[in-house]
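Here is the structure we will look at, set down as structure tokens.
The values are calculated or read from the model by the stated rules, or taken from the named source; none is laboratory data. Please read all numbers here as calculations on a predicted model, not as lab measurements. Here Cβ is always computed from backbone atoms with ideal geometry, including for glycine, and neighbour counts include all displayed protein chains. These area figures cover heavy atoms from the full protein model, side chains too; ligands, DNA and RNA do not enter into them. Shrake-Rupley method; radii C 1.70, N 1.55, O 1.52, S 1.80 Å.
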Amino acid sequence: MSDDRPSGRLFGILASLLFAVIVLGPVAWALATSFKTEVEAVAVPPTLWPRMATLENYIKVFRDQSFFQDFWNSVAYAVGAVALALLVGIPAGYAAARFTFPGKKLLMLVILATSMVPGVALLVPTYYLLDSVGLLNSGIVVTIILSARIIPQTVWFIANFVEAVPVEIEESAFMDGATRFQIIWSLILPLIRPGIAAVATIGIVTTWNDYITVAVFAPEVAKRTLQVALVNQVFDAIGISWSYMMAFVMIASMPVILMFGFVQKWFISGLTAGAVKG
Amino acid sequence: MSETAIQAETLKARSGPRLTVAPYVWFGPAILILFLVTLYPSIFVTWLSFQKTRYYELVGFVGLANYAEVLGSSAFWDTTFVSMTYVVGSLAGALILGMAAALVLNDAGRTGSVLRVFILFPWTLSMSVVGSIWLWLLNPSFGPIPYLMQTLGLDPGLMLGDPGLALPLIIFVTAWWSFPYVMVMATAAMQSIPKELYEAVEIDGGGPWIKFRYVTLTQILPTLGSTALTLSIMYLTLMTLIIVMTGGGPLGSTTTLSFEAFRGTIQAVNIGPTAVVSIVVLLINVALGALYTRLSGRVTG
């Protein structure tokens, strides 16, 4: 498809920039608003860049008494859920790639099937079950639920990654007397590290961005996340301050933005893994 | 039996008795979690759909009454129609924008590959964040978009408060947020097309349209198909954007099946009908998922 004429190339670049503006314009506007004073944010006509840039909105977010609790919960749920998914997903994925045994196909199909059950369809029964055993507002339960959302893809991806490693490597280590645990730990895991990084990155983004699970199963202020705190502010429409909200939006997205900046290659390979046949 | 297979067999044999029971143990923790969080609640919601409840207290078995109530109400069919409009509209927007972006950026050389990363970025933002940003951009009192429309002599009206405009706006925002995903998938598929195919068309004197129609499109169609299914599944269950931007209103114009399942969970007096709606969402999703699996042939040996 590539057009080598300079005019064609120029058109391509201009059109690409147009796409970049469509996508980044709204985000840039939100960023600019976050540095405006409350008065300037709602000024008519609107100012493109803050006339008087201020950090007051950010300071206000950090001063909010529940902010650090919300932030910590977001981190704990996301890291906990991904760690748990890897902890149970690596053995299952390894076994799927390396062992043949009756019922393996069925097990993998069951795991695949669970990935097709949408979380929203399970809100009512899960709420009912948690309510009846007094487990609403439990951080551990939320972590396990979030983890279950990413376990199927973790198992399938790990199985694919391990399959790509030649079995001869394990064979020779076996001859040298290594146990299976040693082989996985010091041979397989380092070899499939890029794959693990890709799954983990996608997992962190998914769980960090979750709103529904936490909002329904752990809405209590002490257990909620930044995403839930943000939506609660939207509902509080009367006292809404747009510049404060946009500062909150920026802070709530910052960890994901930073991670995306550092590991975008893995993020993209995680997205496309298995979906595109090379 | 190939040499590798023989070695694999030796490896298995030599690891001793551990392996006769062990494979199941390796799956144990993953299956246990999936059973507790996904499988058991799926069975339980089916059971709930035959029960009458009052604020999460079971009142009694009512057979198919909940199904009759839900499927017989016009509100349910309105909601189904809104869901379908939302899924199809967002999908059309995301596919067109995503394909256009993929083609254009593929032609823009190094600039293109740098911009691609930036364009993908909104995909990492949460739905609560995306909703908040657009709520701000669209708010009729101080939002920059209504202001821009006024300067151009257009009447912005109530924007998200307008029953005729709310759903199109939500569809627009959904497409804005998700087209970069289509772009990434289409690009990855386009980059795996053998160059020889294009050269062959060139030798036969085919122009850019022929190249696009008979090489690019034909080659990436399977990827586009599975991407479209992935997105449909996602759109069908997306409700955070609706919670944040319209709360299902105005006048129910943005109430989708998934939003209804969410609202029913947190405020219903009788959760039986909500269980029925949940089962409808679940069945559609499983059907789409099964179709996806078939098409992409992910299940092997």
Open item on the list: Exactly one of these conditions fails for A:Thr114: (1) in contact with a helix residue (DSSP H, G or I) (Cβ under 9 Å, 6 or more places away or on another chain); (2) open to solvent by 20 Å² or more (accessible area, probe 1.4 Å); (3) within 7 Å of chain B (Cβ to nearest Cβ); (4) not hydrophobic (A, V, I, L, M, F, W, C). Give me its number.
Closed with: (2)
Task: Boolean, A:Val214 is of a type in the set (A, V, I, L, M) and surrounded by fewer than 22 Cβ atoms within 10 Å (Cβ to Cβ) - done: no
Task: Number of positions in segment B:264-301 that are closer than 30 Å to B:Asp162 by Cα, open to solvent by 40 Å² or more (accessible area, probe 1.4 Å) and within 10 Å of another protein chain (Cβ to nearest Cβ) - done: 2
TODO: Output yes when any residue across segment B:66-74 is open to solvent by 40 Å² or more (accessible area, probe 1.4 Å), in contact with a Ser or Thr (Cβ under 9 Å, 6 or more places away or on another chain), within 30 Å of B:Val184 (Cα to Cα) and part of a helix (DSSP H, G or I), and no when none is.
DONE: no
Open item on the list: Looking at segment B:235-259, I want the residues that are at positive phi and have a partner that is of a type outside the set (Val, Ile, Thr) and surrounded by fewer than 21 Cβ atoms within 10 Å (Cβ to Cβ) with Cβ atoms under 9 Å, at least 6 apart or on another chain. Which pairs are those?
Closed with: B:Gly247/A:Phe235; B:Gly247/B:Arg263; B:Gly248/B:Arg263; B:Leu251/B:Pro163; B:Gly252/B:Ala75; B:Gly252/B:Asp78; B:Gly252/B:Pro163
- [ ] Determine which single condition B:Ser141 fails, assuming it passes every other condition in (1) crowded, with 20+ Cβ neighbours inside 10 Å; (2) out of contact with any helix residue (DSSP H, G or I) (no Cβ under 8 Å at 6 or more places or on another chain); (3) among the small types (Gly, Ala, Ser).
- [x] (1)
Open item on the list: Looking at the structure I just gave you, is B:Ile96 open to solvent by less than 40 Å² (accessible area, probe 1.4 Å) and on the phi < 0 side of the Ramachandran plot?
Closed with: no
- [ ] Could you tell me which of the residues B:Val173, B:Val184, B:Val215, B:Val201 is assigned to a helix (DSSP H, G or I) and within 8 Å of another protein chain (Cβ to nearest Cβ)?
- [x] B:Val184
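Rundown of residues vs (1) within 7 Å of chain B (Cβ to nearest Cβ); (2) at pLDDT below 90; (3) open to solvent by 30 Å² or more (accessible area, probe 1.4 Å), yes/no style:
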{"position": "A:Val42", "(1), (2), (3)": "yes, yes, yes"}
{"position": "A:Thr47", "(1), (2), (3)": "no, yes, no"}
{"position": "A:Lys60", "(1), (2), (3)": "no, no, yes"}
{"position": "A:Gly80", "(1), (2), (3)": "no, no, no"}
{"position": "A:Gly89", "(1), (2), (3)": "yes, no, no"}
{"position": "A:Gly93", "(1), (2), (3)": "no, no, no"}
{"position": "A:Ala97", "(1), (2), (3)": "no, no, no"}
{"position": "A:Pro125", "(1), (2), (3)": "yes, no, no"}
{"position": "A:Tyr128", "(1), (2), (3)": "yes, no, yes"}
Task: Positions within segment B:63-112 being within 13 Å of chain A (Cβ to nearest Cβ) and small (Gly, Ala, Ser), in sequence order - done: B:Ser83, B:Gly93, B:Ala94, B:Gly98, B:Ala100, B:Ala101, B:Ala102, B:Ala108, B:Gly109, B:Gly112
Task: Residue list for segment B:121-144, filter: at the interface with chain A (Cβ under 7 Å from one of its Cβ atoms) and not aromatic (Phe, Trp, Tyr) - done: B:Pro122, B:Thr124, B:Leu125, B:Ser126, B:Met127, B:Ser128, B:Val129, B:Ser132, B:Ile133, B:Leu135, B:Leu137, B:Pro144
Task: Index of the failed condition, B:Thr187 passing every other in (1) closer than 21 Å to B:Trp177 by Cα; (2) open to solvent by less than 30 Å² (accessible area, probe 1.4 Å); (3) in contact (Cβ under 8 Å) with a residue 24 or more places away in the chain; (4) within 17 Å of the chain's Cα centre (by Cα) - done: (4)
Task: Residue list for segment A:137-150, filter: at the interface with chain B (Cβ under 7 Å from one of its Cβ atoms) and over 9 Å from A:Gly203 (Cα atoms) - done: A:Ile144, A:Ile145, A:Ala148
TODO: Go through segment A:158-176 and give me each residue that's within 11 Å of chain B (Cβ to nearest Cβ) and open to solvent by 30 Å² or more (accessible area, probe 1.4 Å).
DONE: A:Asn160, A:Glu163, A:Pro166, A:Glu168, A:Ile169, A:Ser172, A:Phe174, A:Met175
Open item on the list: If I filter segment A:143-150 for residues that are closer than 14 Å to A:Ile196 by Cβ and open to solvent by less than 10 Å² (accessible area, probe 1.4 Å), do I get at least one hit?
Closed with: yes
TODO: Could you pull out the residue among A:Thr206, A:Thr179 that is among the polar types (S, T, N, Q), surrounded by fewer than 22 Cβ atoms within 10 Å (Cβ to Cβ) and modelled with pLDDT under 90?
DONE: A:Thr179
- [ ] Can you confirm whether segment A:239-256 contains a residue that is without any contact (Cβ under 8 Å) to a residue 12 or more places away in the chain, more than 30 Å from A:Gly195 (Cα to Cα) and at the interface with chain B (Cβ under 10 Å from one of its Cβ atoms)?
- [x] yes
Task: Single residue of A:Leu87, A:Leu48, A:Leu109, A:Leu24 found to be more than 29 Å from the chain's Cα centre (by Cα), more than 16 Å from A:Ala247 (Cβ to Cβ) and not aromatic (Phe, Trp, Tyr) - done: A:Leu48
